[in-house]
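To start, the structure itself, in structure tokens.
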Amino acid sequence: MKMFKKCMSLLLVCAVSIVSVGCGNDTSQTTPASVTTNDDKEKEEVVTPAKEQVTLTIATYADPLEVDLVTAQASAYMKENPHVKLVVEPIAGDIWETLKIRMVANDEPDIFYMDLFQVAQFIDTNKLAPLDEALSAADIADFEPALLDAFRGPDGTLYGVPKDFSTLALYYNVEMFEDAGLTPPETWDDLEKTAQALTGNGVVGLTLQNGIDRVQPFFYSNGGSMMSDDGLPTFNNPKNIEAYEYWIGLFEAGYAKTPQQLGVNWTGDAFTMDMAAMTIEGNWMIQALMEQAPDMEYGVVPIPYKEVPASMQFTVAYSMSNNTDNPDVARDVIRFLTDTNQQMLIAESGRAIPSRNSTLITFLENWPDYKVFVEQAPIASEFNYGIISATVVDEAAKAMERILLDPNSTVQGAFDAAQENIDKALANQ
Amino acid sequence: MKQRSKQFQSNVAGWLLVFPVVALMLVFIVGPAIFSFGLSFQKYNMLKPQEATFIWFENYVELLKDPYFHQALYNTFKYSIVVVPVQTAISLLLATAANQKIKGQTFFRVAYYVPAVTSAVASASMFMFLFNTNGIVNRFLANFGFVPVSWFNDPRYALPLAMLMAIWSTVGTQMLVFLAGLQDIPGEVYEAAEIDGVSPLQRFFYITVPLLSEKTMFVVVVGMIGTLQMFDQAYIISGGVGGPLGSTTTVVLYLYNKAFGENRLGYGSAVAVVLFVVIFTLTMLQRYFFEVRPKRLERKGA
């Protein structure tokens with residue numbers, strides 16, 4: 001009996017500690033942004049006694065680097081505007097699902113990250129507020145037009161101000177290339193030959209994530225397209241199919257493998273562990289390389305092309321809820337978060353490419369490795385397929401997996417089937 | 001009269017005592033279930049609720065025609081048909097073992113139960129680590145000359161691995177149920193059997209198993225409901241898409257992707273209603289075989 005009592009008390013202690021740890025996480029996630037120092041309070045009383053206290057929530061990805069950056073930016077804003085309290089709320093897991101559910105409950109954050117490939121459905125359903133007033137003509141001129149256009153509605157209204165973007169390029173292992181006496185590939189033929197030459201001795205020439213978000217540059221390089229002129233997904237475009245046949249040929253010949261086939265989580269692991277000589281990835285891999293393989297010598301070149309060079313871009317913007325109580329303040333916060341000074345912070349952090357052209361020079365001075373990625377911007381197609389983007393990405397992934405794993409499948413058949421499901425999903429919106 | 005008011009008083013007291021639970025159930029279980037039933041007859045986009053239209057059985061018709069749903073249903077049944085009997089048998093054996101008076105009995109009981117309190121995400125991550133292409137299982141099998149297999153990327157192995165994972169993590173809970181059942185069986189029955197010279201194996205099959213039938217019913221029904229609602233393992237193994245080649249697409253994963261990926265809450269609700277009907281029918285069938293029929297046979301025999 002004594003033993004039992006001891007066990008129970010131990011259990012209780014455990015339970016209590018787990019609960020308190022849980023709480024601890026919660027508060028540590030939200031407090032950094034809402035810390036107001038005594039100085040601020042005094043200023044508030046002296047300078048703006050009339051203004052009403054306003055609290056706004058900014059939802060971000062639950063990535064520590066992003067959270068730190070936004071938290072610092074929010075503190076800077078609060079210092080300038082003591083009557084505004086900004087709460088940074090990182091959303092773990094599927095942020096889009098969370099956002100949708102909270103929109104249904106009219107309980108969404110005032111300001112949130114908006115990914116290029118999600119924005120169309122939110123614009124279509126009138127969940128975002130217009131942001132044209134947040135930018136002056138000079139501001140607009142400072143953004144790459146393609147970045148802004150991606151967040152415009154059908155009537156040209158702006159619903160998101162880009163905070164940063166990423167593009168894709170080819171990474172290669174310099175040591176392996178030097179040992180083999182090879183130069184980085186420029187065309188599809190080069191790529192196949194180089195991959196072939198580097199495959200062997202436990203190394204595979206290429207490791208590729210088999211999904212639309214890596215294959216798409218090949219579609220466009222072959223003269224294909226993911227979207228028709230009237231903005232509908234065209235996954236089974238004959239040029240896309242032709243390009244994918246080249247892509248899958250690399251796998252069938254054994255020159256390319258997916259990270260899953262190599263038994264790692266993502267291409268970055270395969271690349272840093274010397275399992276593959278080349279990979280196609282975004283600029284985010286630079287950070288991973290610095291952390292996991294600081295001594296590794298790698299090079300970055302544009303993705304090999306067939307007819308025209310191509311890449312693809314992933315943009316994240318700030319959007320404002322159509323449901324916010326303080327649209328004027330929220331719009332001003334977005335203006336602040338994307339202004340030149342704050343973009344400089346992004347430029348210095350080296351996380352992604354800042355969206356303002358005026359900050360790119362500083363960015364490249366700090367992070368010369370990103371040069372190739374910045375240069376890809378003008379030839380990058382969008383990771384965006386209209387209001388059913390998520391379905392397009394899923395269906396493309398299923399089709400590509402089928403072609404890779406099922407020897408009886410054909411590219412034509414799988415792409416046609418996926419297109420049929422995409423059309424069906426579109427009809428059901 | 002006095003009798004009656006006393007009865008009334010105790011009724012009121014009873015309702016007062018259960019009120020918090022009943023209220024919670026009405027708000028969070030019964031209410032949403034009814035709402036979802038209503039949704040299943042509508043074309044209802046999560047982000048455009050104002051445009052919802054009543055479409056009668058269109059969702060159901062589309063659902064029953066969709067080959068992906070057929071595959072999801074097939075996968076789910078396959079999963080359930082393997083997992084339920086195997087986990088019931090293993091947990092019964094474990095319970096019998098843990099019920100013996102052997103040294104370290106408590107340790108074994110705890111050890112078998114630990115997987116049940118491990119979160120599905122944690123155990124799925126652990127299995128993915130074990131069955132990685134460069135993982136321990138492949139290294140071990142390599143000793144016997146097997147070629148490394150990419151377990152989770154092979155449509156032949158992904159679902160069986162999910163089954164293994166489910167069995168591993170649920171036998172503990174079911175063992176506890178059986179263990180409670182075993183301790184309810186009076187010792188005299190066994191003593192009498194011993195005097196009659198019954199072998200241990202006969203004792204198990206003719207005394208333990210029949211006397212545990214109520215508990216078995218419970219374990220099978222709960223196990224079946226749990227397996228037919230399988231979601232988390234499939235979600236983690238496939239990263240949400242139900243691959244490779246749709247081999248881990250379960251009904252609930254299908255529902256999730258339709259409702260939250262395509263925003264089609266009405267269609268998703270229709271999937272939920274169909275799943276409910278399936279589970280309800282199967283549970284009633286089991287009840288018939290475990291409870292109603294034996295009793296009827298008993299009466300006939302008497």
Notebook entry, point to check: For the residues B:Tyr267, B:Tyr288, B:Tyr157, what sequence is obtained by ranking on other C-beta atoms within 10 Å, fewest first?
Noted result: B:Tyr288, B:Tyr157, B:Tyr267
Next item on the list: Please find the FRET efficiency linking A:Asn322 to B:Thr118, where r is the Cβ-Cβ separation and R0 is fixed at 45 Å, and quote it to the nearest 0.05.
Entry: 0.60
Margin query: Considering all projection directions equally, how large on average is the shadow of the alpha-carbon convex hull of the stretch A:241-320, in square nanometres?
Written below: 7.8 nm²
Note to self: Can you compute log10 of I(q)/I(0) for the stretch B:38-96 with the Debye formula, treating each Cα as one identical point scatterer, at q = 0.21, 0.23 Å⁻¹?
What the structure shows: -0.84, -0.91
Item checked: Fluctuation leader among B:Val82, B:Val219, B:Val198 - chain B, Gaussian network, Cα springs under 10 angstrom -> B:Val198
Next item on the list: Treat the count of other C-beta atoms within 10 Å as a stand-in for reagent exposure and order B:Arg264, A:Arg102 from fewest to most.
Entry: A:Arg102, B:Arg264
Check: Measuring from centroid to centroid over Cα atoms, what is the spacing of the stretch B:39-55 and the stretch A:122-147 in Å?
Finding: 30 Å
Note to self: Below 16 Å, Cα to Cα, which aspartates and glutamates can B:Lys48 reach? Residues fewer than 8 away in the same chain don't count.
What the structure shows: A:Glu97, A:Asp107, A:Glu108, A:Asp124, B:Glu262
Next item on the list: Read phi for every residue in the stretch B:197-206 and hand back ³J(HN,Hα) as whole Hz from Karplus 6.51 cos²θ - 1.76 cosθ + 1.60, θ = phi - 60°, with x for Gly and Pro.
Entry: x, 8, 6, x, 5, 4, 4, 5, 7, 9
Item checked: Max mean-square fluctuation residue, GNM over chain B, Cα-Cα springs under 10 Å, options B:Val147, B:Val292, B:Val12 -> B:Val12
Check: What per residue convex hull volume, in Å³, comes out for the stretch A:62-174 when only alpha-carbon positions are used?
Finding: 174 Å³
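Report the semi-axes of the equivalent ellipsoid for the stretch B:87-227 in whole Å, largest first, where each axis is √(5λ) for an eigenvalue λ of the Cα gyration tensor.
36, 17, 14
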Check: In whole Hz, what ³J(HN,Hα) sequence does the stretch B:80-86 give by Karplus (6.51, -1.76, 1.60; θ = phi - 60°), x for Gly and Pro?
Finding: 5, 5, 7, 5, 4, x, 5
Notebook entry, point to check: Amide H of A:Ser311: which non-local residues (sequence gap of 5 or more, or other chain) have their own amide H closer than 5 Å, using H built in the peptide plane?
Noted result: A:Ala380, A:Ser381
Notebook entry, point to check: Along the stretch B:103-115, what does the Karplus equation 6.51 cos²θ - 1.76 cosθ + 1.60 (θ = phi - 60°) give for ³J(HN,Hα), rounded to whole Hz, x for Gly and Pro?
Noted result: 5, x, 4, 4, 4, 5, 4, 5, 4, 5, 8, 3, x
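Using DSSP to call loops (not H, G, I, E or B), can you name the trypsin sites (Lys or Arg not before Pro) in the stretch B:1-64 whose Cβ has at most 14 other Cβ atoms within 10 angstrom?
Numbers: sites: B:Lys2, B:Arg4, B:Lys6, B:Lys43; in loops: none.
Nothing satisfies the criteria.
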Check: In vacuo Debye scattering of chain B, one point per C-alpha: log10 I(q)/I(0) at q = 0.11, 0.15 Å⁻¹?
Finding: -0.91, -1.26
Note to self: Let me check I have the definition right: for chain A, take the eigenvalues of the Cα gyration tensor, multiply each by 5, take square roots. What are those semi-axes in whole Å, largest first?
What the structure shows: 40, 28, 24
Check: Alpha carbon centre of the stretch B:134-193 versus the stretch A:368-397: separation in Å?
Finding: 43 Å
Check: With the contact rule set at Cα under 8 Å and sequence spacing of 6 or more, what percent relative contact order holds for chain B?
Finding: 28 percent
Notebook entry, point to check: For the protein assembly as shown, what is the percent of antiparallel DSSP beta bridges, rounded to the nearest 5?
Noted result: 60 percent
Margin query: Report the Cα centroid-to-centroid distance between the stretch A:410-429 and the stretch A:297-326 in angstrom, as an integer.
Written below: 25 Å
Next item on the list: Check the straight Cα-Cα distances from A:Lys371 and name the aspartates and glutamates below 19 Å, setting aside those fewer than 8 residues away within the same chain.
Entry: A:Asp142, A:Glu144, A:Asp164, A:Glu186, A:Glu281, A:Glu297, A:Glu348
Check: For the stretch B:73-112, what Kirkwood radius comes out of the mean inverse Cα-Cα distance, in Å?
Finding: 11.6 Å
Check: Could you give P(r) for the stretch A:281-360, binned at 10 Å from zero, as whole percent values over all Cα-Cα pairs?
Finding: 14, 31, 31, 17, 7, 0
Item checked: 52 Å tail of the calculated P(r), the protein assembly as shown, as % of Cα pairs -> 22 percent
Next item on the list: Compute from the Cα atoms of the stretch A:312-429 the Rg and the Dmax, the latter being the longest Cα-Cα distance, and quote both in angstrom.
Entry: 20.0, 58
Checklist line | Set A:Lys424/B:Lys78; A:Lys193/A:Lys398; A:Lys424/B:Lys43 screened for pairs whose C-alpha atoms are more than 22 Å apart | finding: A:Lys424/B:Lys78; A:Lys193/A:Lys398
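Rank these for me by crowding, A:Leu99, A:Leu232, going from fewest to most other beta carbons within 10 Å.
On the way: A:Leu99 23, A:Leu232 13.
The order, fewest Cβ neighbours first, is A:Leu232, A:Leu99.
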Check: If R0 is 45 Å, what FRET efficiency do you get for A:Lys371 and B:Val86 from their C-beta distance, rounded to 0.05?
Finding: 0.20
Next item on the list: Please build a GNM for chain A, connecting alpha carbons under 10 Å apart, and tell me which residue among A:Thr359, A:Thr279, A:Thr391 fluctuates the most.
Entry: A:Thr391
Next item on the list: Mind pulling the per residue volume of the convex hull built on the Cα atoms of the stretch B:1-58? Å³ is fine.
Entry: 121 Å³
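Bear in mind that the values in this text are calculations on the coordinates, not laboratory data. From a predicted model like this one, the values you see are computed outputs, not experimental measurements. All Cβ positions, even for glycine, are placed from backbone atoms using ideal geometry, and neighbour counts span all protein chains on display.
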